[in-house]
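**Student:** This is the structure, below, for whatever I ask next.
Read-outs throughout are calculated quantities, based only on the coordinates presented, and are distinct from any laboratory measurement. Only a predicted model underlies this, so the values are computations on that prediction, with no experimental measurement involved. All Cβ positions, glycine included, derive from the backbone under ideal geometry; neighbour counts span all protein chains shown.
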Amino acid sequence: MTRPTLPWGIRSMEMLRKCSETSLVALTPLQVFVADYFAGVVSDPVTGLGGLQGKHSACKQDLPIERELALSLEECFHGCTKKMKISRRVMNEDGHSSSIREKILTIHVKKGWKAGTKVVFSKEGDQGPNRIPADLVFVTVDKPHPRFRREATDLIHMATVNLGEALTGCTIEIITLDTRKLRIPINEIIRPGYCKIVKGEGMPGSSNSEEKGQLIIEFNIQFPSQLSQEKKQLLKRALLS
């Protein structure tokens, strides 16, 4: 809409509106309508909303809706496709009533996605009159894993060894996320706080899936609950002499 020329001495639409209310200045019908429109008193002839103020209030979008997307480490390692069924309120053709409808959303999980990755589906929230539907946001979380936990691109594995293995050495067998069997020799003495690092056997990077993190092996040393007198003497000669 093109603004009409303001009468002499009137510097703004607000002043124009006040003058029309107090009859301080003679206004044409078009100038009266424009003053009412910009004040939000009359409705927009196209949208039916209350002037500019009505237009602005109608453009507010509902706050984003967040949902968890639980992924296994295998799914984040290889990448996968997830189908998520949602139910949302949709406006009917009459523009007044609404109904609940189901919809399937497809999420393409890329290799190396970290926990906390967000996938946004724009305006997939409930519909309603004079409102913009909220964005639907899926936030990834790691499912618990029987063999590993993840820190960034590193995988941590807890291996249990007995005291004899900790002192004399052993071989640790680990099944990887891509089902390979690793046999990792431990030749050092396993002491409290010791860990074995295997490079390139962690998670793929989210930006470059060819670059993988580390496999970090931590140890839980099991001590014997009892020893015979003979074994104690053997340990004394071996460790204390």
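**Student:** Which of the GluC sites (Glu not before Pro) across the stretch 61-96 are loop residues per DSSP, with 13 or fewer other Cβ within 10 Å?
**Tutor:** When the GluC sites (Glu not before Pro) of the stretch 61-96 are filtered for loop state and at most 13 Cβ neighbours within 10 Å, E93 remain.
**Student:** Right, something else. Tell me the Kirkwood hydrodynamic radius of the stretch 143-227 in angstroms, computed as one over the mean inverse distance between distinct C-alpha pairs.
**Tutor:** Here the Kirkwood hydrodynamic radius works out to 13.9 Å.
**Student:** Another question, then. Could you name the lysines in cross-link range of K181, using Cα to Cα under 17 Å and dropping any fewer than eight places away on the same chain?
**Tutor:** List returned: K196, K199.
**Student:** Show me, for the stretch 154-163, the HN-Hα J-couplings you get by feeding each phi into the Karplus relation (A = 6.51, B = -1.76, C = 1.60, θ = phi - 60°), rounded to Hz, glycine and proline as x.
**Tutor:** Working through the residues one at a time gives 8, 10, 10, 10, 9, 9, 9, 10, 8, 4 Hz.
**Student:** Amide H of A134 versus every other amide H placed in the peptide plane: which residues, excluding those fewer than 5 positions away on the same chain, fall under 5 Å?
**Tutor:** Sorted by chain and number, the residues that satisfy this are D62, G125, D126.
**Student:** Could you tell me the distance between the Cα centroids of the stretch 68-95 and the stretch 179-241, to the nearest Å?
**Tutor:** For the stretch 68-95 versus the stretch 179-241, the Cα centre distance is 40 Å.
**Student:** Excluding I132 itself, calculate the net charge of residues whose Cβ lies under 10 Å from the Cβ of I132, where each Lys or Arg counts +1 and each Asp or Glu counts -1.
**Tutor:** +1
**Student:** OK, next. If amide H atoms are built 1.01 Å from N in the plane of the peptide, which residues on other chains or at least 5 residues away come under 5 Å of the amide H of V109?
**Tutor:** C80, T81, K82
**Student:** When the Karplus curve 6.51 cos²θ - 1.76 cosθ + 1.60 is applied with θ = phi - 60°, which whole-Hz ³J(HN,Hα) does each residue of the stretch 136-145 get, with x for Gly and Pro?
**Tutor:** Those phi angles translate into 9, 10, 9, 10, 6, 9, 7, 6, x, 10 Hz.
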